[in-house]
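Enquirer: Sharing a structure with you now.
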Amino acid sequence: MRKFLRILLKVIAVFVAVVAVALATTTIVNASASKSEAGRIESYGQRVTVDGKQMNVLIQGDAAETVVLLPGFGTAAPALDFAPLIAELAPHYRVVVVEPFGYGLSDETEKPRTAQNINTEVHSALASLGIDRYALMGHSIAGIYALDYANRFRGELTAFVGIDSSVPTQPGMDDALPIAAMKTAKTLGLTRVLMSMAGDPYAGLPYDDDMKEQMKLLSLKNSMSSTYSDEMEHFASNFTSSRSQSFPRDLPVLEFVQRENTDVEGWLPLHEEQVASVDTGELIQLDATHYLHHTKSPEIAENFTRFMASVNQNRT
């Protein structure tokens with residue numbers, strides 16, 4: 001029995017030692033790779049000063065009407081991720097992609113990631129560029145932030161367009177998240193290992209190799225940063241505060257929603273309620289995954305143009 005215990009203790013000690021060496025190795029490799037990758041990140045868009053920091057904004061197209069695109073949570077490089085949709089919209093609109101603090105090439109910030117703070121910063125960036133009349137088009141969690149934005153800056157908006165956007169009462173947003181463990185995983189280099197094992201998330205999509213490489217570099221850089229983590233920590237409070245809000249009744253609302261969302265109970269009915277709450281609302285179902293703009297940008301652009309033509313006609 002004692003011999004067995006001695007052997008077992010030796011096996012455990014060896015296992016612990018192997019794990020410790022492996023983690024030390026991944027930590028060192030991650031730190032070294034992060035420094036090397038910083039020099040390979042390519043610039044795009046333009047910088048705008050907000051609160052003494054630099055926010056990145058990409059502008060494509062020069063048409064009279066403007067569309068402002070806002071990303072879903074954790075999108076590493078919004079201006080690159082939205083590329084298929086930008087390509088469809090830019091011939092007909094001035095397309096403005098705002099990369100909030102902590103996203104893409106924008107700086108980080110110490111300000112809490114409340115919907116109010118995020119919206120104030122985005123609005124400041126647009127105002128500094130003289131952009132004061134536009135349709136707000138947002139993916140995923142941008143739908144939550146848009147409720148506060150639309151009520152504070154209604155006079156600037158021609159419409160809100162949701163790309164499978166979040167809604168206040170969707171279930172599961174009060175669940176606790178293992179944020180500390182996720183931050184530790186990044187520090188130890190485990191996030192890098194998992195990303196390499198996961199393969200190419202943009203395989204088969206309309207992105208060239210250089211663009212995919214840049215999005216990977218920015219994902220490794222921005223994921224679980226202090227700004228990123230703080231936004232996660234504010235998920236529950238941002239969703240809770242949005243439940244007392246609704247879009248202004250006179251604001252046109254167009255929602256693009258994935259037809260079958262098995263992850264969120266009641267996804268379609270929740271969006272149907274939202275478009276029914278305004279005078280001019282429409283819901284369009286698409287057969288695609290959550291990132292609708294990756295594969296359905298032509299349909300989004302076509303239906304958005306049709307919707308806005310109808311809205312503009314009714315205004316005259």
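Enquirer: Considering only residues that are touching a Phe, Trp or Tyr at 6+ places or on another chain (Cβ under 7 Å) and of a type in the set (Lys, Arg), which ones fall in region 198-253?
Expert: Once the filter is applied, which keeps residues that are touching a Phe, Trp or Tyr at 6+ places or on another chain (Cβ under 7 Å) and of a type in the set (Lys, Arg), region 198-253 yields only Lys212.
Enquirer: Residues of region 302-316 being free of Cβ contacts under 8 Å to residues at least 60 places away in the same chain and among the β-branched types (Val, Ile, Thr), which ones?
Expert: Within region 302-316, Thr316 is the sole residue that qualifies.
Enquirer: Going through region 245-271 one residue at a time, which ones are under 19 Å from Leu136 (Cβ atoms) and either surrounded by 16 or more Cβ atoms within 10 Å (Cβ to Cβ) or of a type outside the set (D, E, K, R) (or both)? Lay out the reasoning, then the answer.
Expert: Start the filter on region 245-271 by keeping residues that are under 19 Å from Leu136 (Cβ atoms), which leaves 245-257, 271.
If the condition is that a residue be under 19 Å from Leu136 (Cβ atoms) and either surrounded by 16 or more Cβ atoms within 10 Å (Cβ to Cβ) or of a type outside the set (D, E, K, R) (or both), then Gln245, Ser246, Phe247, Pro248, Leu251, Pro252, Val253, Leu254, Glu255, Phe256, Val257, His271 are the ones that fit.
Enquirer: Are there any pairs with C-beta distances below 7 angstrom linking a residue in region 148-174 that is at pLDDT 95 or above to a residue that is among the acidic types (Asp, Glu), with the two at least 6 apart or on different chains, and if so which?
Expert: Note: pairs meeting the criteria are Glu156/Asp132; Gly162/Glu255; Ser165/Glu255.
Enquirer: Does Asp210 satisfy the condition of being assigned to a helix (DSSP H, G or I), among the acidic types (Asp, Glu), exposed (fewer than 13 other Cβ atoms within 10 Å of the Cβ) and more than 19 Å from the chain's Cα centre (by Cα)?
Expert: yes
Enquirer: Scan region 80-117 for residues that are closer than 26 Å to Ser237 by Cβ and free of Cβ contacts under 8 Å to residues at least 60 places away in the same chain and jot them down.
Expert: Matches in region 80-117: Val98, Glu99, Pro100, Ser106, Asp107, Gln116, Asn117.
Enquirer: So in region 136-168, with the set limited to residues that are in contact with a Leu (Cβ under 6 Å, 6 or more places away or on another chain) and assigned to a loop (DSSP other than H, G, I, E, B), which one is surrounded by the fewest Cβ atoms within 10 Å (Cβ to Cβ)?
Expert: Val167
Enquirer: Can you tell me which condition Gly281 does not meet? The list is (1) surrounded by 14 or more Cβ atoms within 10 Å (Cβ to Cβ); (2) farther than 27 Å from Glu156 by Cβ; (3) touching an Asp or Glu at 6+ places or on another chain (Cβ under 8 Å), and all the others hold.
Expert: Result: Gly281 passes all but (2).
Enquirer: Next question, about the same structure. Of the conditions (1) within 27 Å of Ala79 (Cα to Cα); (2) in contact with a Phe, Trp or Tyr (Cβ under 7 Å, 6 or more places away or on another chain), Ser277 clears all except one; give me its number.
Expert: Evaluating Ser277 over (1) within 27 Å of Ala79 (Cα to Cα); (2) in contact with a Phe, Trp or Tyr (Cβ under 7 Å, 6 or more places away or on another chain) leaves (1) as the failure.
Enquirer: If we only count strands (runs of 3 or more DSSP E) wholly inside region 39-109, which ones have 2 or more residues that are polar (S, T, N, Q)?
Expert: On the way: elements: 46-50, 53-60, 66-70, 94-99.
The strands (runs of 3 or more DSSP E) meeting that bar are 46-50, 53-60.
The values are calculated or read from the model by the stated rules, or taken from the named source; none is laboratory data. Keep in mind the model is a prediction, meaning the values are calculated, not measured. Note that each Cβ is placed from the backbone with ideal geometry, even for glycine, and that neighbours are counted across all protein chains shown.
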